[in-house]
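This report concerns only the one structure given below.
The values are calculated or read from the model by the stated rules, or taken from the named source; none is laboratory data. Note that this is a predicted model, so its numbers are computed, not measured. With ideal geometry, Cβ positions are generated from the backbone for all residues, glycine too; neighbour counts draw on all protein chains shown.
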Amino acid sequence: MNEQFEQITAKEQAAAAKFDNAVHVCVAASCLSSQSDKVLETFQQQLKENGHSASCQVKGVGCLGLCSRGPLVAVSHRDRPESSELYQHVTPDNAPQIVAALVAGETAADLVCATDTPFFQRQTKIVLENSGHIDPERIEEYVAAGGYQGLLTAVTEMTPNDVIDEVMRSGLRGRGGGGYPTGLKWTTVAKADAKQRKYVICNADEGDPGAFMDRSVLESDPHRVLEGMTIAGYAIGADKGYIYVRGEYPLAVARLKKAINQARRLGVLGSGVCGTTFNFQIEIRLGAGAFVCGEETALIASVEGKRGQPRPRPPYPAEYGLWGEPTLINNVETFANVPPIIRNGGDWYAGMGTAKSKGTKVFALAGAINNTGLIEVPMGIPLREIVYEIGGGVPHGRVLKAVQTGGPSGGCIPEAYLETPVDYESLQQLGSIMGSGGLIVMDETSNMVDVARYFMEFCMTESCGKCVPCRVGTVQMYHLLDKIYAGQATTKELALLEKLCKMVRETSLCGLGQTAPNPVNSTLRYFRQEYLDLLLDGERVTAVATTPEAQP
Amino acid sequence: MSNKTKLATVWLDGCSGCHMSFLDIDERLVDLAQLADLLYSPLVDHKTFPDMVDVTLVEGAVSSEEDYEKIQKVRAHTKILVSLGDCAVTANVPGMRNPFKVAALYERAYHENAQLNQQIPVQVIPPLREMSVPVHQVVAVDVFVPGCPPSADTIFFVLTELLNGRKPDLTGRTRFGA
Amino acid sequence: MQNLKQIDPPSDDKRWRIVQATMRRNGHKRSGLIETLHTVQESFGFLDEESLRYVAFSLRTPLSQVYGVSTFYHLFSLKPAGKHSCVVCTGTACYIKGTPQLLQEIQEMYGIKPGETTEDGAFSLLTARCVGSCGLAPVAVFDGEVLGNQTPDRTMETLRRWYDDE
Amino acid sequence: MKRSQIITFKIDGQDIAAREDETILELARQNGIRIPTLCYLESVTPWGGCRLCMVEVKGTTRLFPACMTYPQEGMEVSTVTEQLTTYRKQVLDLLFAERNHVCSVCVSNGACELQGLAYELGMTHVGVPYLNPSLPLDASHPYFGLDHNRCILCTRCVRVCDEIEGAHTWDVMGRGVDARIVADLNQPWGEAISCTSCGKCVQACPTGALFEKGKSVAEMQKRHEFLPYLALMREGRDGDSEQ
C-alpha cells in the first residue's frame, strides 16, 4: 500500500512540476455563491486562448479562508515561490487582467489581497492544512499531501489500543461543542459489548446559524474526514460508519460521495482496508432540516429513519446507540483532527494549546467584523487577537459590544472580557460555550434583547416538541422577550422570564432545551441594563455604558 | 364610619354567577355584615369606587378597555384583591373567543347574527381588547378562588378567613383546573 | 421477511423507478424512509398523499409514522412549491444585518410568510439557517442563485422581475 | 437486556431492594411512593416527555426522570422537594397555557389526570400567559372523538396503539408547539383505515382529548387496568414465536 501511495505522490509531483505557474480558484460555498465557478472557467479558457494551458495549471480548490473578499484566486510560480499572489473579488470580467499579468510575469496590483496580514500569518492550520491547496475531488492530491498515511500506519503497525492511546495522549476533545475527551469516548465504545456490531457516526449536521466550519472541511478536504472515521472504526472495532450531513449542503454531499467511491477504489475504504483484514464501509445519510438532530440521540433516531426526537441519557450512545448497539459519534472537525494525530503522534498535538484544551480550533468569523471567513487558531489564543488582529476589527468605525460563541446554546461575551483565552473552560466560566465554532461579532448597533430574542425564536422553531419545558417554555420565553423588546413589559415579566429560564434549563430532556436559556442568561448577566431600559417600570440609569458585573 | 372591614365586589366579563353564588351564602350574610361593610358592588347603589377598601372580590375576565381601566383603578384602591371564580382566574368562557380576531367577533355578532340594525356599535359598548385574560395577567392578585362558580360555602369560608385576618387555604374546598 | 411482495407504484410515471431504486438500495427497510422521502421530493417536487401512501406500504411503515416524519423535517414539503423560489437566509450574521426587514417587506407586498407560496403560485418564500455566505450578509437565494448584500429594495426588484418575465 | 442483580437504594429515606432493570418510578410505585407523571403508562415504553417525574439524586445537581432512570447501589433519591414542586407546578403552568383546558367535564367528575395533578400540587392559577391556539375537534369516528384542545402530547395513545393494539394509527406530526396527534395521513379519524376502533387510546388518554361519544359526564371515566394484562399476554405470544 505504501508503495502505491509513493507512486501516486511521485506522479502528482511530476505533474505539478510540468507547470511554471499554478492558478487555484476557490470553489467552496461562499466563493461559489459569487460565481467562482465561472471565474475558474474563464481562467481555463483564457489560458487556452493564450496558448499557456500547458505551462499553467488551473484548478478549483477548497476554502481559502477570507470569504468576505471572495471569489479568491491564488497564483503561484514554480521558479519564484516567494512571489505568489492572492487575488480578491475576482470576477469573470477581471480574470483576463490577471491572466495578462501572469503571462507578462507581472502582478495585477489593483486586485491583490495582501497576505502578510495577521489574518493569514496568525493562523495554525491542522484541520485546514489542505484546504485551498488540493483539489477536493481528487484523492491523488490528498494522498500526495500525506493523506491516508495515518490510516495506513494505524491498521498496519498499531493495535486498536495503540490508536486509542495516541488519541488519548493528544488530549483531543470533541469539537461539536461539549468538549468531551475524544480518547475517553473511544475507550468506552471500544470496551462496550455489542450484540452484533458497532457503529461510527460522523455528525455533519452543522446547525448553528452562522457556522460553516464543517461544511468547509467537507467541501475542501472530504478524504480527511473519511480517513478519521476509518481510523476510529479500526480503534473501536466497528465495520460500519454513517456520515449524517445536512440536506442543505448539496456540494458537500456530492464531494463526499465522490470521495467515498475514490477511497473504495484505492482500497483505503471498504473490505480489506489497506490490504488488511479490517473492513469498513461508510454510508451517507441526509438530514432534512432539523437542528435538534445535532443532538446525539436525535441524530440516531434520524439515521434510523424516524422523527429526530432525542431520548434521555443515560444510556449513552457509547453503550446503547444506533439500533441499540454501541455507537461512536464525533463531529466533522473532531474526525478531521485524527489523521494528523496518528501521523505525527499524540504528543505533537498535545504540544499545542492550553493545559486542558489541546490543538487548534476552527472558527467561522461573521457579523460586524472586517474579515469574515474561516480561520483556524491554536487553543488559548485571546479573543481580542481573533477579533482585532485576525478579524481586522469592527468596520465603519463602530465599537465592539460583544462576541457571541456557541450559537443558540452559547452566550455573549462583552468587550471587557476579550483577553479571555479561547478554551472550553474559560468560555464556560463566562457563561458561554466553545460550541461548534461560530463566532459572531456584534457592534453597538445590536440590541442584546433582540439578540436573545433571535436565538430564542430559533430554539422555539427547532424544538422537537417531545418535552414540555422546551416545547412550551421556549414559546413563553420568546413571547416575553418579544414583549420586553417592544417596550410593553414590566419587571414582573422579566422576573417570570428568569424563572422560566431556570426551569427550562433544569428540566428539559436534551441539550437543545437545557441550553436554550443560555443566550438570555448571558445577555442578562452582562447587559441587564438594556433589558431594564426597555421595561415600562424598569430602573433607568442615565449613563449609557453598562459595566459588566464580575460574577462567579 | 365604623371600623368594620371595608369590602367591595367588582363584576368584569363574567356571567354574574359568582355574585349569585355569593348571595347564596343566604342567612350567613347577616354574620358577614357584622364584620364588614359592603361599600361598592353591582349589588349596592354606590357609583364610584371608594378610596381604599380592605378586600375586593373580582368576578370575570378582563376583556374590554373598560375592564382594563377599571381593574387597575380597583387594584390601586384595594389592599387584598381576590380573583373570584374561573373567569377571573383563567378567563374561562370569555377567553374562548381568544383564537379569533376581534374584527371577526364583531362581524359575527353584529352582522351575521343580527336581524335588525346590522352595524357595529362604536359608542356605549366598550371596545374589546385583543385577548380576554385572567385578572392576574393585568394586575397583582392576592387570593385565587377557582370554581365555576365557587360554591357559597367556599366564598363564605374565604371571606370569613380574610375578615379574620387569615389567608384562606382552599385545599379540599374548590378545584383548580378549568 | 426478506421476500416482501413488491407494491406497484401509483402510476407508470418513470420517476417512480428512481424512488424504487432508493428503496431497494436501503433494502426496503424502515430506516430508509428519510432517504426515500428525499428522493420523492427531488423527483416530484413535493410529497403528496399518493406518494406517502406508496412509500408507507412499500417500506411496511405505518401511515401515521410516514406522515409524522414528513412533517418533522423542514426540507420536506407536502404542498407543491411555487414556480420560483426565494430563500432568505436567517443565520445570525444575516439577521443582524437586516433579514427581518426583508421578510417583512415581502410579507407586506405579497402577503406570504416563510414556508408559504403566493396565491398565484408564482414563488415560494423560504428561510434557511445560514447558507454559508456570511461575508455577503444579508443573503437571499433566488432560484438557486445566491445574491448578497440585500436591501428591501434590491430584493423586491428581483422578485418583481419574475413577474415581468411572465 | 435482562439484568437481575439485586441492589439497595433509598427513595425519600425509605430503603428499597430492587432489581437493576426496574426504573425508579416503577419501584416507587411498588413501594407505595407516588411520583407525579402524565406521560408514563404502565406496560408501554416510557416516553420521558412530561418531566413531572423528575427526581433529585444525592450527590448531583442534575435532575433525573424517574420513568427512565435505573437505580444504582446506594443511590439516594428524593421525590418531593421544594425545587421539584416548583418545577412540577411550572410544567403544569405551561401545559394549561399551551392549549385550552377550560373544561366542564373534569370539573364535575374529577377524572382528568391533568386537573388531578394541578389539584394535588395545590395550583390556584396559571402563572404564564395563555397561548390560545385555534385547534379543531375531530368527531368523524362513530364511537370516539378527539379534541386537540385538550391534548398534552403525552403520546400515550400513540404507544398503546402501536405497542399493544399493533395498529399504529396514531403518531405525532409537526414539531415544537405545532406538534399534533394525527391518525394515518392526517385524516379524519373516522376515515383512518388502520384504526380498529378498539378504544385503547381513549382509555389511555389522561385528559379529555380522546373521549367516548354519547356518555354522560359522570360516565366519562378512563380505565386502563387491562393494559398490563394485554402486554403480558402479548409477551407470551412473542416469546413462543421466537422458539
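Annotations for the structure displayed:
- Condition met for D:Phe144 (in contact with a strand residue (DSSP E or B) (Cβ under 8 Å, 6 or more places away or on another chain) and either assigned by TED's automatic domain parsing to the domain that holds D:Pro206 or surrounded by fewer than 16 Cβ atoms within 10 Å (Cβ to Cβ) (or both)): yes
- Test: residue in the range C:35-45 that is hydroxyl-bearing (Ser, Thr, Tyr), more than 22 Å from A:Glu283 (Cβ to Cβ) and under 18 Å from the mean Cα position of the chain (by Cα): no
- Residues of the range C:66-98 classified as part of a helix (DSSP H, G or I), touching a residue at least 12 places away in the same chain (Cβ under 8 Å) and surrounded by fewer than 24 Cβ atoms within 10 Å (Cβ to Cβ), total: 0
- Flag if A:Leu439 is hydrophobic (A, V, I, L, M, F, W, C), away from chain D (no Cβ under 14 Å), surrounded by 23 or more Cβ atoms within 10 Å (Cβ to Cβ) and within 30 Å of A:Lys356 (Cα to Cα): yes
Every residue, every condition in (1) within 12 Å of another protein chain (Cβ to nearest Cβ); (2) farther than 29 Å from A:Lys198 by Cβ; (3) over 12 Å from the mean Cα position of the chain (by Cα), yes or no:
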| residue | (1), (2), (3) |
| --- | --- |
| A:Leu322 | yes, no, yes |
| A:Phe335 | no, no, no |
| A:Pro340 | no, no, yes |
| A:Trp348 | no, no, yes |
| A:Ile381 | no, yes, yes |
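- Among the candidates A:Pro326, A:Pro312, residue that is crowded, with 22+ Cβ neighbours inside 10 Å, more than 21 Å from C:Arg30 (Cβ to Cβ) and either over 19 Å from the mean Cα position of the chain (by Cα) or within 14 Å of chain C (Cβ to nearest Cβ) (or both): A:Pro326
- Of the residues making up the range A:466-510, just one is within 29 Å of the chain's Cα centre (by Cα), surrounded by fewer than 23 Cβ atoms within 10 Å (Cβ to Cβ) and at the interface with chain D (Cβ under 7 Å from one of its Cβ atoms), namely A:Glu506.
- Subset of the range D:60-70 (residues that are surrounded by 15 or more Cβ atoms within 10 Å (Cβ to Cβ) and either modelled with pLDDT under 95 or at the interface with chain A (Cβ under 10 Å from one of its Cβ atoms) (or both)): D:Leu63, D:Phe64, D:Pro65, D:Cys67, D:Met68, D:Thr69, D:Tyr70
- Which numbered condition A:Ala263 fails, given (1) farther than 28 Å from A:Lys191 by Cα; (2) surrounded by fewer than 24 Cβ atoms within 10 Å (Cβ to Cβ); (3) touching a residue at least 60 places away in the same chain (Cβ under 8 Å): (2)
- Unique match (being surrounded by fewer than 23 Cβ atoms within 10 Å (Cβ to Cβ) and at positive phi) among A:Gly406, A:Gly392: A:Gly392
- Pick from the range D:78-115, criterion within 13 Å of chain B (Cβ to nearest Cβ) and part of a loop (DSSP other than H, G, I, E, B), ranking: nearest to D:Gln221 (Cα to Cα): D:Ala111
- Put simply, of A:Gly431, A:Gly397 the only residue that is under 23 Å from A:Thr515 (Cβ atoms), away from chain C (no Cβ under 12 Å), more than 20 Å from the chain's Cα centre (by Cα) and of a type outside the set (Lys, Arg) is A:Gly431.
Table: residues versus (1) touching a residue at least 60 places away in the same chain (Cβ under 8 Å); (2) surrounded by fewer than 23 Cβ atoms within 10 Å (Cβ to Cβ); (3) among the small types (Gly, Ala, Ser).
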residue	(1), (2), (3)
B:Lys47	no, yes, no
B:Val58	yes, no, no
B:Val62	yes, no, no
B:Glu66	yes, yes, no
B:Lys70	yes, yes, no
B:Gly85	yes, no, yes
B:Ala88	yes, no, yes
